[in-house]
Amino acid sequence: MASESTHTSGIAERYATALYDMADETKQLDVVAKDLRDLKALLMESEDLRRLIRSPLIAREDQTKAITAVMRKAGASDLTRRFVGVVGRNKRLFALSGMINAFLYALAVRRGEETAHVSSAVALSDHQQASLSEALIKAIGSKVRIETEVDPSLIGGLVVRVGSRMIDSSIKTKLQRMQIAMKGA
């Protein structure tokens, strides 16, 4: 399996920049961003899909056909499907996650947004996400886009990461701290 490296991140940046420029030129930044967020979610959910795009043992044509079919089934725009097809034909699918992240980062920078990665034990309701967004805007002082992830091992509470800052109010961490403190007693 191919892994992320400095070389891979360079490839990802170049491809993401090309896609960003095309999406901006055709006024499809929001459409492409949605497609890429959906694809990112699919990649996070499916080990088989991650294996498909990273495996050097699967023929380039098969990888390209499969990922294009997935994109079509997901309802991705023509621009996004064509882009992913080019990435596949160029044998660069292993860097697709990096391309997605680089595109979304460039879009956030342009819009003056920060991205908050929020992990919770259960899915947050719309009201909870709105309240969290308001609190983060006050704390950070800029627009915030929230990316949520459910991690049942947290038991309760939240782990919020914005840039290099992290706030961990999960019950799991509190229990671990108590356990460490009790060992010292």
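The values are calculated or read from the model by the stated rules, or taken from the named source; none is laboratory data. As the structure is a prediction and not an experimental result, all values here were calculated from the model. Don't worry about glycine lacking a Cβ; one is built from the backbone with ideal geometry, like all the others, and counts go over all protein chains shown. Please note that ligands, DNA and RNA were not included when accessible areas were found on the heavy atoms of the full protein model with its side chains. Shrake-Rupley method; radii C 1.70, N 1.55, O 1.52, S 1.80 Å.
A simple spin-label model places pseudo-atoms 7 Å from Cα toward Cβ; at SER142 and GLU45 they are separated by 3.1 nm. Along region 129-135 the Karplus relation, 6.51 cos²θ - 1.76 cosθ + 1.60 evaluated at θ = phi - 60°, assigns HN-Hα couplings of 5, 5, 5, 5, 4, 4, 5 Hz to successive residues, with x for each Gly and Pro. Given the choices (1) 10.8; (2) 13.1; (3) 14.9, mean projected area of the Cα convex hull in nm² derived from the coordinates of this structure is entry (2). Straight-line cross-link reach from LYS174 at under 16 Å between alpha-carbon atoms covers these lysines, not counting any fewer than eight positions away in the same chain: LYS183. Taking amide hydrogens as placed 1.01 Å from N in the peptide plane, the amide H of VAL144 sits under 5 Å from those of GLU114, each at least 5 positions away in sequence or on another chain. Annotation for ARG37 and ARG111: the two label points, set 7 Å from Cα along the Cα-Cβ direction, are 0.7 nm apart.
Maximal additional length on extending the GLN176-HIS127 stretch stands at 14.7 nm, based on 0.36 nm per residue less the C-alpha distance.
In sequence order, region 27-41 has phi-based couplings of 6, 10, 4, 5, 5, 5, 4, 4, 4, 5, 5, 5, 5, 4, 5 Hz under the Karplus curve 6.51 cos²θ - 1.76 cosθ + 1.60, θ = phi - 60°, and Gly or Pro positions carry x. Under the rule of -39500 (n - 2.57) per DSSP H run of 4 or more residues, summed and divided by the residues of the chain, what mean residue ellipticity at 222 nm is obtained, to the nearest 500 deg cm²/dmol? It lands at -20500 deg cm²/dmol. Among the trypsin sites (Lys or Arg not before Pro) in region 84-185, those placed in a DSSP loop whose Cβ has at most 15 other Cβ atoms within 10 Å are LYS91. Accessible surface area normalised per residue over the chain is 60 Å², counting heavy atoms of protein chains with a 1.4 Å rolling probe.
Rounded to whole numbers, the Karplus 3J(HN,Hα) couplings from phi for region 147-159 are 10, 9, 9, 9, 10, x, 5, 6, 6, x, x, 9, 10 Hz, using 6.51 cos²θ - 1.76 cosθ + 1.60 with θ = phi - 60°, and x at Gly and Pro. Of all DSSP bridge pairs formed entirely within the chain, close to 55 percent run antiparallel.
Computing the accessible area with a 1.4 Å probe over protein heavy atoms, can you report the carbon and sulfur percentage for the chain? Of the solvent-accessible surface of the chain, carbon and sulfur hold 56 percent.
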